[in-house]
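*Asks:* Here you go, one structure.
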Amino acid sequence: MIDLIGVTKRFGNKFAVDGLDLHVRAGELFGFLGPNGAGKTTTMKMVCGLLTPTSGTVRVGGFPAGSPEARRLIAYVPDQPYLYEKLTGREFLRFVVEMYGLDPSRAGRKLEELVDTFEMRDFVDDLCESYSHGMKQRVVFASALIHEPRVMIIDEPLVGLDPRSARIVKDLFVSLARSGVAVLMSTHLLSIAEELADTIGIVERGKMLAVGTLDELRERSAHQGPLESLFLKLTGGDRPIHAYEPPRVDGVLAASATGEEVDR
Amino acid sequence: MTPFAPSPAAPAAERRGDAVRAFRFLRHRVLRNTLTSMMRGSRLRFGMIAFCSGVFWVGLFGLFYGSFEFIDTYGALSGEFVEYIFSLFFLSLLIMLFFSSGILVYTGLFQSKEAAFLLATPSAPDRIFAHKFTEASAFSSWAFMLLSTPMLVAYGLISRAPLGYHVASLAYLLAFVLIPGSLGAATALLVARFLPRRKKTVLIGLALVVVVGGIARLSQVWQAPSEGLTSEWLDSLLGRLSFSRHPLLPSRWMAKGLVEAAAGNASDTLFYFFVVAAHAGLFYLFASTVARDLYRPAYSRVQGDRTAKRKTAWYGFDALFHRAFWFLGRPIRLLILKDLRTFVRDPAQWSQFLIFFGLLALYFINIRRLSYDLQKPYWRNLVSFLNLGVTSLILSTFTSRFIYPLLSLEGRNFWILGLLPLKRESILWGKFVFSAGIALPATELLIVLSDSMLRMGTFMTLLHMGMVAILCFGLSGISVGLGAKMPDFKEEDPSKIAAGFGGTLNLLVSLVFIASVVTALAIPCHLYFVGQDDSGLGSGIIDRAQFTFWVSVAGAASLVIGAIATIVPLRIGIRAFQRIEF
């Protein structure tokens with residue numbers, strides 16, 4: 001469903017993405033990993049058609065990225081999603097329904113279903129300006145799903161979500177993938193990728209360093225540890241860390257915690 | 001939790017997306033919710049804004065009514081003279097709306113999170129453009145409506161126009177707004193597509209052309225060859241203004257059509273209306289086509305051209321600043337240094353400051369070339385006060401555009417400032433000192449330059465310098481105080497903050513303040529210099545002793561007005577700012 005072939009994106013003289021090949025099949029949950037500035041968000045924006053590649057091809061469902069046909073298939077949840085502050089959550093969802101030209105009665109049922117799924121009934125009729133970050137994220141996820149996309153692109157999905165909301169979202173990704181949706185998810189939480197992703201791709205400086213299932217990655221790199229150490233090994237993140245040494249507080253020679261007491 | 005069950009083969013969309021209906025729904029709901037929350041949460045503020053707008057409208061109406069009545073006594077109301085006034089007025093607005101719409105459309109289409117959200121939906125680029133264009137037009141033209149409607153209503157009443165004139169003038173205004181708006185928007189899109197790295201250069205270049213052209217025209221207009229208020233003088237003046245009546249300018253079509261509408265000439269009214277409306281439609285179609293074909297690639301190019309630039313450190317300057325301003329509290333000095341860095345690193349701020357004040361300096365340097373210094377004391381005094389007025393007006397646009405939004409923009413970063421060990425009022429004092437610290441040296445320098453070129457005496461130069469100081473402190477106090485009283489923490493675009501209700505109110509209060517201070521001192525000076533001959537002898541309407549007395553009274557009154565304008569808004573702002581919860 002998502003195909004990037006030899007894609008390069010330059011910002012001035014800087015290569016944000018450099019000859020990247022990436023394929024996500026229908027029903028596959030692809031975990032897209034990489035250090036800060038590796039080119040993950042740029043790649044996702046190119047899939048959504050927000051950025052045009054300097055060279056190479058990006059296709060979604062066989063259509064060129066950014067074409068109206070491709071955009072109809074996609075739902076995009078950016079790391080800093082946008083909501084209209086002066087709309088209620090329900091009005092925002094209705095706006096998306098209108099934008100995609102969905103059948104009102106069917107969309108109405110879907111809307112109610114999503115309100116229940118994301119447990120938004122208590123606040124969905126309040127203005128979005130009053131929402132916490134987690135509430136906003138839930139409305140954004142609901143808006144992404146209301147038109148039943150075939151391709152889901154999610155940048156840092158669990159930022160700001162409480163444990164229960166995070167559980168809902170994680171279950172959702174799995175059920176989406178199992179129903180045939182292609183899910184491309186970027187995250188810095190390696191445990192999430194380890195837990196959910198069918199395929200993992202690791203990028204650094206715009207290049208794909210490794211791609212495959214977790215077992216395939218371990219086998220190829222001859223590394224049997226957790227994903228975190230594998231990731232650090234591949235991206236050179238296992239070099240020594242300059243540890244921060246906090247200044248000593250006057251009068252405290254040593255401190256240790258026992259139960260609820262602090263002994264000095 | 002109800003488990004989510006996606007359809008295995010869910011259709012992407014069941015029927016063609018109706019973006020027009022979606023955007024209509026969005027605008028309707030946003031407007032309704034905004035008004036409802038304003039009425040519920042801040043009725044007093046809403047009422048105050050409505051009241052101030054009403055007072056401003058009535059004040060302008062009175063001014064225009066009086067002016068048209070005066071012109072009517074000379075029997076010139078129906079003639080070419082009014083066409084000149086209308087042509088000049090609409091030409092100025094045409095230029096202002098071109099720039100404001102262009103900037104607002106650029107910000108809305110290329111720098112907002114909403115644009116990224118909408119571009120990922122199936123909505124066509126020209127639909128997104130139409131939505132953002134409507135928003136930008138509403139933002140940039142409501143002040144235009146507030147300015148132009150009192151003038152048109154006053155003209156209609158004085159010229160005893162039929163009722164149809166008032167309906168026609170409204171239709172004319174609505175059609176007219178689309179012309180500069182569409183051209184500004186199309187220019188913004190073309191610049192984003194083809195010159196994404198040069199956008200500020202283009203903006204500065206265009207502004208420079210307009211301002212230099214405007215000043216060149218103004219200086220020609222002011223070089224009246226004969227005595228004022230004679231028919232020869234008027235003919236000469238109108239001849240120099242003939243550029244505003246070029247037949248290809250939309251402002252001319254507006255002027256002609258409105259004058260015909262007031263005369264009850266239906267066929268000409270309709271003809272000129274269709275000329276304006278057809279061009280509005282044509283230019284909108286052009287802008288919309290540009291958006292359809294270029295918006296997506298332009299968006300990608302603008303996003304791709306944001307490269308980080310390493311900035312040099314300021315350690316030496318910081319140390320020097322701390323030493324020079326030792327008498328200010330250290331937190332205030334640190335806040336000023338932070339704002340100075342932002343000012344220097346934002347070309348939109350320093351370039352506009354430099355362009356306007358630089359051009360004024362250029363004009364003041366050329367005063368002797370225009371032989372103003374050889375005119376009678378009456379004219380030199382008049383020109384010196386006009387120069388003072390222009391300097392203050394430009395300063396007020398600077399404080400309204402850049403100083404007023406400072407507090408609103410600070411609100412989003414308040415978690416940093418809020419945790420620092422400093423009092424909240426220090427933040428406001430920091431902004432005030434920053435504003436006055438930039439404005440005072442620049443304006444004092446200009447006024448000294450102007451007065452020395454006009455060969456004004458030491459007393460008048462000192463008087464003008466004192467007035468400028470009062471105006472700098474007052475305008476800074478008003479902008480910082482009102483900025484803290486009416487902050488908009490949701491808006492990230494400073495131009496929208498300045499163009500909003502609060503920003504416009506700030507500009508209006510600033511204008512009233514300038515008018516009070518300048519008029520108070522200009523009147524006794526005018527009355528003293530009006531009858532003097534070239535050698536400075538001869539008697540004016542008031543003699544030297546009366547002049548000294550009245551200037552002292554007016555000076556004291558200006559000081560009081562200045563103190564009120566500085567302290568009262570700052571106190572209101574500090575009180576409001578201390579109560580704000582972030």
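*Asks:* Does at least one position in the stretch A:133-141 carry a residue that is surrounded by fewer than 17 Cβ atoms within 10 Å (Cβ to Cβ) and not β-branched (V, I, T)?
*Replies:* Looking for residues that are surrounded by fewer than 17 Cβ atoms within 10 Å (Cβ to Cβ) and not β-branched (V, I, T), one finds at least one in the stretch A:133-141, hence yes.
*Asks:* Still on this structure, I have one more. Are there any helices (runs of 4 or more DSSP H) wholly within the stretch A:18-105 with 1 or more residues that are among the aromatic types (F, W, Y), and if so which?
*Replies:* By residue number, A:89-99.
*Asks:* Return the only residue of A:L51, A:L83 being facing another protein chain (nearest Cβ under 9 Å) and over 22 Å from B:F23 (Cβ atoms).
*Replies:* A:L51
*Asks:* Could you tell me whether the stretch B:258-272 includes any residue that is surrounded by 13 or more Cβ atoms within 10 Å (Cβ to Cβ), within 14 Å of another protein chain (Cβ to nearest Cβ) and either of a type in the set (A, V, I, L, M, F, W, C) or under 30 Å from B:G437 (Cα atoms) (or both)?
*Replies:* Within the stretch B:258-272, none of the residues are surrounded by 13 or more Cβ atoms within 10 Å (Cβ to Cβ), within 14 Å of another protein chain (Cβ to nearest Cβ) and either of a type in the set (A, V, I, L, M, F, W, C) or under 30 Å from B:G437 (Cα atoms) (or both).
*Asks:* List pairs: first residue in the stretch B:313-335 and surrounded by 14 or more Cβ atoms within 10 Å (Cβ to Cβ), second residue of a type in the set (A, V, I, L, M) anywhere in the structure, Cβ distance under 7 angstrom, at least six positions apart or on different chains.
*Replies:* Taking only residues 6 or more apart or on different chains, the pairs are B:D318/B:L337; B:F321/B:L337; B:L328/B:V433; B:P331/B:L422; B:I332/B:V433; B:L335/B:I427.
*Asks:* May I pose another question? State which residue is farthest from B:L35 (Cα to Cα) when the search covers only the stretch A:86-120 and only residues that are of a type in the set (S, T, Y) and in contact (Cβ under 8 Å) with a residue 40 or more places away in the chain.
*Replies:* Going through the qualifying residues, I end up with A:T117.
A quick yes/no check of all residues on (1) modelled with pLDDT under 90; (2) within 26 Å of the chain's Cα centre (by Cα); (3) more than 30 Å from B:F353 (Cβ to Cβ):
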site	(1), (2), (3)
B:Q220	yes, yes, no
B:D235	yes, no, yes
B:H246	yes, yes, yes
B:K256	no, no, yes
B:T269	no, no, yes
B:Y272	no, no, yes
B:V275	no, no, yes
B:G281	no, no, yes
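*Asks:* Could you grab me the full set of residues in the stretch A:109-132 that are modelled with pLDDT under 90, within 11 Å of chain B (Cβ to nearest Cβ) and either surrounded by 22 or more Cβ atoms within 10 Å (Cβ to Cβ) or part of a loop (DSSP other than H, G, I, E, B) (or both)?
*Replies:* A:F118, A:E119, listed by residue number.
*Asks:* Hey, A:Q80 hits all of (1) buried (at least 20 other Cβ atoms within 10 Å of the Cβ); (2) at pLDDT below 90 but one; which does it fall short on?
*Replies:* Against the list (1) buried (at least 20 other Cβ atoms within 10 Å of the Cβ); (2) at pLDDT below 90, A:Q80 comes up short only on (1).
*Asks:* Within the stretch B:506-527, how many residues turn out to be closer than 20 Å to B:P377 by Cβ and either charged (D, E, K, R) or without any contact (Cβ under 8 Å) to a residue 40 or more places away in the chain (or both)?
*Replies:* Result for the stretch B:506-527: 4.
So that you can scan it fast, the table gives a plain yes or no per residue for (1) over 22 Å from the mean Cα position of the chain (by Cα); (2) in a helix (DSSP H, G or I):
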{"residue": "B:G430", "(1), (2)": "yes, yes"}
{"residue": "B:R455", "(1), (2)": "yes, no"}
{"residue": "B:T461", "(1), (2)": "yes, yes"}
{"residue": "B:G474", "(1), (2)": "no, yes"}
{"residue": "B:G502", "(1), (2)": "no, yes"}
{"residue": "B:V512", "(1), (2)": "no, yes"}
{"residue": "B:T519", "(1), (2)": "no, yes"}
{"residue": "B:L527", "(1), (2)": "yes, yes"}
{"residue": "B:I541", "(1), (2)": "yes, no"}
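*Asks:* Exactly one condition in (1) touching a Lys or Arg at 6+ places or on another chain (Cβ under 8 Å); (2) part of a helix (DSSP H, G or I); (3) polar (S, T, N, Q); (4) over 30 Å from A:L127 (Cβ atoms) is false for B:S495; which is it?
*Replies:* The number of the failed condition is (4).
*Asks:* Tell me the residue from B:L104, B:L94, B:L109 that is within 14 Å of chain A (Cβ to nearest Cβ) and either assigned to a helix (DSSP H, G or I) or at pLDDT below 90 (or both), please.
*Replies:* B:L109
*Asks:* Next question, about the same structure. Identify all residues within the stretch A:163-219 that are part of a helix (DSSP H, G or I), within 14 Å of another protein chain (Cβ to nearest Cβ) and over 24 Å from A:E119 (Cα atoms); write none if there are none.
*Replies:* Correct list: empty.
The values are calculated or read from the model by the stated rules, or taken from the named source; none is laboratory data. Remember, it's a predicted structure, so these values are computed and weren't measured experimentally. Backbone-built Cβ (ideal geometry, glycine too); neighbour counts: all protein chains shown.
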